[in-house]
Amino acid sequence: TDLGPLDILSEVVPADGLAHGMRVFQVQGVRGFQLTTSQPRALSFPASRLFIHCDRFPEEFSIIVTLRVLSIPAKRNEYVFTLMAEESPSVLVGLRYAPNKLHFLFWSQEHGGGGWQTHVTFPNVSLSDNQWHTLILAVSGQSFSLTVDCSIPKDMVMETPFPSSLSVKRASFYLGNRRRRKGVFTGLLRQLVLLPGADATPRICTTMDFKVATLSVPTVLQDLPMKPASNEVLKYPYETDTKVTLGSQPPCTKQEKAQFWFNASQRGLYLCNGSTWISMLEVKQRLDYVEEYQNLVTNSETMGVEVFTIPKVGLFAATANRYTPPGSAIYKWTDGKFVPYQNIPTYQAQSWKYFTIGKKIFLAVANFEQNDRGQEFSVIYKWSRRKEKFITYQRITTHSARDWEAFVIEGEAFLAVVNHREGNNHNIDSVIYRWNPRTGLFETNQTIPTSGAYDWEFFTIGPYSFLAVANTFNGTSTKIYSHIYIWLSGSFQLFQSILTFGAADWEVFHIRDRVFLAVANSHSYDSGMPAPSNFYAINSSIYELNITAQMFVKFQDLLTYSALDWEFFSVGDDSFLVVANSFDGFTFSVNSIIYRWQGYEGFVAAHHLPTVGCRDWEAFHTAEGSYLLYSSAKEPLSKVLKMKTT
């Protein structure tokens, strides 16, 4: 049990370079081996090089693999590695991947000398997404456990145990094959380690980047400085599949990691790090000041605004307006301005949510009031490519709905609605709906008790999914707990409760590897207490995830005036938060404030923006620059502000 990790992959790599049939590729900023040989024995070595003092395979062990699997045909199997005796075609130990399945193979021996091939099959293991994944297979007797990207383990108990005395005499390890040309591994391999006597999961799952967690990686693949220390060439050259995108800013996700974007208007070259574009050849932009750019006349007062891009169609803004008629409106960005595009009947609309499911494009509105026939429901609209407009798709019964949140967990689409109150009862259920691909409709999946709630905020940290609710009023007080839920075993369960004061919004954001959660507290009120003269000027708070304590802890308080929204955005390398201050107890003409991230100082006020009844902020970018859009809940006029940079 005190044996160290046995690095199978490093044994194949000569000390002075690469083995024949191996190439180093860097994808998404991570390096791995591509196996190209037509000579399987070129990627093999005798087991005696690992098992120096004993010719028996460990009885208990873990196998750790980090790989990137390409899409493979439905009936194809590929071998990650095998251990085979020289005189036999049978696999003593091996790992084989098929679409959505992982097979662990071993040779079960009889006392008489014979034996049979045993398969342990883990279903629903989907790795063919062109992403890096780390697998930990722990074996002990009849127990087999597979952990993918440090998520919840898949445990299996088999009738046939792993042999207690499996001989490896005259056996060899084969990398990416089973001593044949058929079934060769076509993806990228970064890590292949055997850890005798222990479940490696606690040793591996200590980092935030679970997909490439490492125990031992060959030197050739280790992360080296981007530039050599002096002018010498790279000691270990590698290849990378590089793509340069032109035009307006494309998305930067893990899929685009290590790809480039050339911004012709700014004459800048940017590299995607998996979440944001990093400037490589440009003077870093800094926010200098904000100027008024467009007065957007709206149908009526605007409770919320949603900015979104429909691929190959354009940039849009949907305003949630108070009155019907004329309802709410959708505007399209045309010649550098938002112009009216489509009107939609709504009933004191509070917010819009844009989302996609596959190729389908949706826009959901949260209606606060009943329609003309006394029916109360919110509506999901679907984009019609033929008509080039949104058309009614599904009506869902809601109760003074304030907000929709759309998200995906384990490949399934969900839509959560915040129900604010039913009549005078604020303590009611809000509902999470699951998309049914068969019917093409959202169906109730889970209800969660909420108190006069205003907002849902979904976010992920590593393999875990969270949903935070902003509880505003329980019928007597705004000083109540808002809750953060975590997805476990198919439903959301309470993770943490945070005391808030009329919470109207949660905003999650990342600064480098730190995770923050900001709450907008709107007012302090308690029917059992004498009302203070000004209960709208109160602190809103920023919380930071403490990984050791596994909870959010308060990071900073900021004085706000009936805050209703936070919006996080970046300019160059700088991070900002803008707050929607709506009322100071006397007037709705209140400055909303942009705070700049100042590291150790936290967020510091940088710009004071005159607003009237500010309800919602949206940051967006076009080829012409960066903008902020704010909606007013007190006048039929919203404003587009342009960020001037230096």
Can you divide the C-alpha Rg of the chain by 2.2 N^0.38 Å and report the result to two decimal places? 1.11
Helix-derived mean residue ellipticity, 222 nm - over the chain, DSSP H n ≥ 4, -39500 (n - 2.57), to 500: 0 deg cm²/dmol
Ignoring ligands, DNA and RNA, what accessible area per residue does the chain give at 1.4 Å, in Å²? 46
For the stretch 6-221, what's the relative contact order in percent, using C-alpha pairs closer than 8 Å and at least 6 residues apart? 32
Applying 1/(1 + (r/R0)^6) with R0 = 35 Å to the Cβ-Cβ distance of R395 and T160, what FRET efficiency is obtained, to the nearest 0.05? 0.05
For the chain, averaging the sequence separation of alpha carbon pairs under 8 Å that lie six or more residues apart and dividing by its residue count, the contact order in percent is 10
Assuming 0.36 nm per residue, please report the length gained on full extension of the stretch S477 to I511 beyond their Cα-Cα distance. 8.9 nm
Rank by packing, highest mean first: peptides 197-205, 629-637, 437-445, with packing defined as the count of other Cβ atoms within 10 Å averaged across residues. 629-637, 197-205, 437-445
Go through Y454, L488, A518 and say which Cα lies farthest out towards the positive end of the charge dipole of the chain; charges sit on Cβ, +1 for Lys and Arg, -1 for Asp and Glu. L488
What does the charge add up to near S48, with Lys and Arg as +1, Asp and Glu as -1, over the other residues with Cβ less than 14 Å from its Cβ? +1
Past the 20 angstrom mark, what percentage of all C-alpha to C-alpha distances in the stretch 499-615 do you count? 42
Within the set K332/K360; K312/K353; K312/K359; K337/K360; K257/K353; K75/K169, which residue pairs have Cα atoms separated by over 24 Å? K337/K360; K257/K353; K75/K169
Work out how much length E412 to S108 would gain on full extension: take 0.36 nm times their residue separation and subtract the Cα-Cα distance, in nm to one decimal. 105.5 nm
Where Lys and Arg each count +1 and Asp and Glu each count -1, what net charge lies around L577 among other residues with Cβ under 10 Å from its Cβ? -1
Between E86 and K254, how high is the FRET efficiency from 1/(1 + (r/R0)^6) when r is the Cβ-Cβ distance and R₀ = 45 Å? Nearest 0.05. 0.60
For the stretch 109-169 and the stretch 511-576, what is the separation of their C-alpha centers, rounded to whole Å? 47
Round to the nearest 0.05 the FRET efficiency obtained for T460 and R170 when R0 = 45 Å and r is the Cβ-Cβ distance. 0.40
Distance from a point 7 Å along Cα→Cβ of W116 to each backbone N in the stretch 61-91: keep the residues under 19 Å and list them by number. 89-91
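The values are calculated or read from the model by the stated rules, or taken from the named source; none is laboratory data. All figures in this text were calculated on a predicted structure; none of them were measured in a lab. Glycine also receives a Cβ, built like all others from the backbone with ideal geometry; neighbour counts cover every protein chain displayed. Heavy atoms of the whole protein, side chains included, go into the accessibility calculation; ligands, DNA and RNA do not. Shrake-Rupley method; radii C 1.70, N 1.55, O 1.52, S 1.80 Å.
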